[in-house]
Every structure is written in C-alpha cells, then in structure tokens.
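Following: one structure in structure tokens, then a few remarks.
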Amino acid sequence: MHSDQEKMVRVVIADDSCVIRCRLARKISKLRGVVVARESDDVASTLEAIRSIRPDVVILDIQMPGGSGIDVLEQIQKEPAGIVVIMLTNHPLAPLRKRCMELGADYFFDKSTEFDKVSDVLKQLSVSSV
C-alpha cells in the first residue's frame with residue numbers, strides 16, 4: 001500500500017530542451033513513488049537545484065548552456081550525496097559514455113533509442129526505497 005507518508009524518489013531533470021524536459025516530466029508523473037522536484041535548463045540552475053533540494057536522482061543532458069552535464073556530474077561527485085545520476089544524451093559516443101561512467105554516472109542512455117529506460121530505472125528505485 002502506498003501512502004502520502006512514504007518516501008518519494010525526488011528527481012531533478014536537467015536538459016536544455018523544453019520538449020525533452022516536458023516529455024520526461026510527463027512520464028515520471030505516471031510513476032508511483034517518484035516526483036519531479038525541479039526542472040532546469042542550464043548548468044548553474046541545475047547545480048543550485050541539486051544543492052537546495054538534495055534529490056535522489058538527477059537526469060542530465062550532456063549539452064547545456066553554461067557548461068555541460070559532465071561539469072555537473074563532476075560537481076555531484078565532490079559531495080557525498082549519494083545521488084543516482086542518469087546521463088541522457090543525443091551524443092551516445094563511446095568516449096563520452098566511458099568518461100561519464102568513470103566520473104561516477106550510474107546510467108548512460110541514448111535519447112533516441114533508450115529514452116524509456118529512464119522510467120525503468122526510476123520504477124526500480126521507487127520500489128527499492130519503500
């Protein structure tokens with residue numbers, strides 16, 4: 001049984017595309033036990049959201065104004081926050097995947113072929129947080 005008292009998995013979506021953020025937010029809103037805590041479209045607002053909200057999950061695009069999702073990933077790893085990081089990109093190149101995984105990303109998905117895997121991960125995390 002799910003109750004309002006249950007711990008919700010809080011997600012920050014960071015992508016410079018409003019279309020992608022809205023699509024992700026719609027998908028996440030249908031998942032039990034998961035809530036979009038904030039959406040951001042650049043590096044600075046993403047870092048501010050992470051520091052103020054302390055989300056459980058951050059979904060990061062690689063290309064963003066003011067830097068990159070890799071810059072954000074490096075900052076997340078400097079803090080012992082235990083945040084699950086999902087890289088979601090249109091640039092699924094092997095060197096980028098390798099770099100992100102070395103920097104501590106938990107998942108690396110291609111927007112065009114693996115978009116739905118984000119929901120699968122979040123479902124799994126919401127079940128394990130109960």
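Miscellaneous remarks
- Lys/Arg +1, Asp/Glu -1 at C-beta; segment 9-115 dipole; positive extreme among ALA94, VAL9, PHE109: VAL9
- Rounded Å value of the spacing that divides the Cα centres of segment 79-112 and segment 12-26: 16
- Think of it as helices only: each DSSP H run of n ≥ 4 in the chain is worth -39500 (n - 2.57), and spread over all residues that comes to -13000 deg cm²/dmol at 222 nm.
- Kirkwood hydrodynamic radius of segment 44-123, from the reciprocal of the average inverse Cα-Cα distance over all distinct pairs: 12.7 Å.
- Under 21 Å of direct C-alpha separation, and excluding same-chain neighbours fewer than eight residues apart, LYS78 reaches these lysines: LYS98.
- Filtered chymotrypsin sites (Phe, Trp or Tyr not before Pro), segment 63-130: DSSP coil and at most 16 other beta carbons within 10 Å: PHE115
- Cut-off 14 Å, label 7 Å out along Cα→Cβ of ASP106, residues of segment 11-27 by amide N: 11-13
- In degrees, nearest ten, helix 69-78 long axis to first principal axis of the chain (Cα): 70
Throughout, read-outs are computed from the coordinates displayed, never taken from laboratory work. Given the structure is predicted, the values throughout are model-derived calculations rather than measurements. Using ideal geometry, Cβ is built from the backbone for each residue, glycine included, and neighbour counts are taken over all protein chains shown.
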